[in-house]
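Read the structure below first, then the notes.
The values are calculated or read from the model by the stated rules, or taken from the named source; none is laboratory data. Bear in mind that the values here come from a model prediction, so they are computed numbers and not experimental data. Neighbour counts are summed over all protein chains in view; Cβ atoms, including those assigned to glycine, are modelled from backbone coordinates with ideal geometry. All accessible areas refer to the heavy atoms of the entire protein, side chains included, with ligands and DNA or RNA removed. Shrake-Rupley method; radii C 1.70, N 1.55, O 1.52, S 1.80 Å.
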Amino acid sequence: MRIHLKSRFALTASALLVALLAPCALAETPRTITLGELARSLPSEPINVVFDVDDTVLFTSPGFQWGSRTYGPQIVSAGVSVREEDLPSDEDRRKYREFWTKMNNELDQYSVRKWIASELIALHKSRGDRIYFVTKRIFTGSEKLTELLRHEFALPADSPAVIFTSRQPKTKAFREIKAQVSYGDSDGDIRDSIQAGARPIRVLRSPASVNHEPTHNGGFGEEVLYNSENE
């Protein structure tokens with residue numbers, strides 16, 4: 001009997017976790033928050049905050065669009081998590097690695113800093129918060145994204161380097177850096193934040209983005225940053 005009850009409890013807990021991390025059909029009106037409201041809601045002491053990169057702090061569609069046209073949409077996609085191991089040929093895998101090397105080292109020269117990111121990072125810098133960037137981009141051994149972000153947002157030269165998860169969930173990274181607030185545009189960003197125990201805040205994706213992966217803004221109960229979709 002005790003084994004049966006234990007199994008039932010495990011199944012119930014699993015079902016509850018799935019329900020919590022699924023979009024809520026009842027959340028018809030997202031909970032929006034303004035920059036001013038956000039600033040007032042933060043704790044008085046410095047905290048660790050984490051930002052997604054693509055479509056959150058940078059509008060990076062030009063690089064992904066070039067990659068899709070050059071290598072093919074089956075190899076390069078801003079939204080679909082294409083994995084190297086799923087590609088059918090050595091040539092496709094070579095192109096895949098070549099694109100990601102170019103994206104992380106060259107193509108971000110065409111990316112555009114989002115105004116909302118400038119405001120958010122300025123806010124957190126003024127508070128003395130520790131700022132991190134975590135991306136699901138593929139890491140190919142070299143990157144200039146860290147340098148670019150430090151320059152764009154006037155961050156110290158010794159600020160943390162970008163963490164690349166290579167298409168894996170960000171939850172582990174969030175936990176390791178003890179993130180307390182997390183900003184992201186995708187449902188995956190929000191789910192990973194919730195799992196890691198961080199406060200998730202949705203940055204809206206630009207309508208011009210080439211990432212057409214569906215988003216459920218506010219669907220997880222997270223706050224949605226007002227007017228954050230504009231470049």
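For the residues Ile201, Ile194, a 1.4 Å probe over the protein chains yields an accessible-area ranking, largest first, of Ile194, Ile201.
Residues in the range 52-153 average 46 Å² of solvent-accessible surface per residue, probe 1.4 Å, ligands and nucleic acids excluded. Could you tell me how far the Cα centroid of the range 75-90 sits from the Cα centroid of the range 146-189, in Å? For the range 146-189 versus the range 75-90, the Cα centre distance is 23 Å. Taking all protein chains into account, the per residue accessible area for the range 183-226 stands at 36 Å² (1.4 Å probe).
Extension gain for Ser89-Lys172 works out to 26.8 nm (0.36 nm per residue, less the C-alpha to C-alpha distance). Each helix, a run of at least 4 DSSP H residues, gives -39500 (n - 2.57); summed and divided by the residues of the chain, these come to -12000 deg cm²/dmol at 222 nm.
Let a ≥ b ≥ c be the square roots of the eigenvalues of the Cα gyration tensor of the range 113-231; is it rounded (a/c under 1.5), or, if not, prolate (a/b larger than b/c) or oblate? It is rounded, given that a/c, with a ≥ b ≥ c, falls under 1.5. Surface composition of the chain: carbon plus sulfur atoms contribute 54% of the solvent-accessible area (1.4 Å probe, protein chains only, all chains present). Sorting Lys136, Lys125 on solvent-accessible area from highest to lowest, probe radius 1.4 Å, gives Lys125, Lys136.
For each pair in Lys114/Lys178; Lys125/Lys178; Lys102/Lys170; Lys102/Lys178; Lys102/Lys144, compute the distance between the two Cα atoms and list the pairs where it is over 20 Å. Distance filter (> 20 Å) returns Lys114/Lys178; Lys102/Lys170; Lys102/Lys178. As an exercise, take the mean of 1/r over every pair of distinct alpha carbons in the chain, invert it, and state the Kirkwood radius in angstroms. That comes to 18.7 Å for the chain. Multiplying the residue separation of Glu213 and Tyr110 by 0.36 nm and subtracting their alpha-carbon distance yields 34.9 nm.
Charge dipole of the chain (Cα centre as origin; +1 on each Lys and Arg Cβ, -1 on each Asp and Glu Cβ, all else neutral): 780 debye, rounded to the nearest 20. Positive-end ranking of Ala154, Ser81, Gln195 along the dipole of the chain, with charges on Cβ about the Cα centre, is headed by Gln195.
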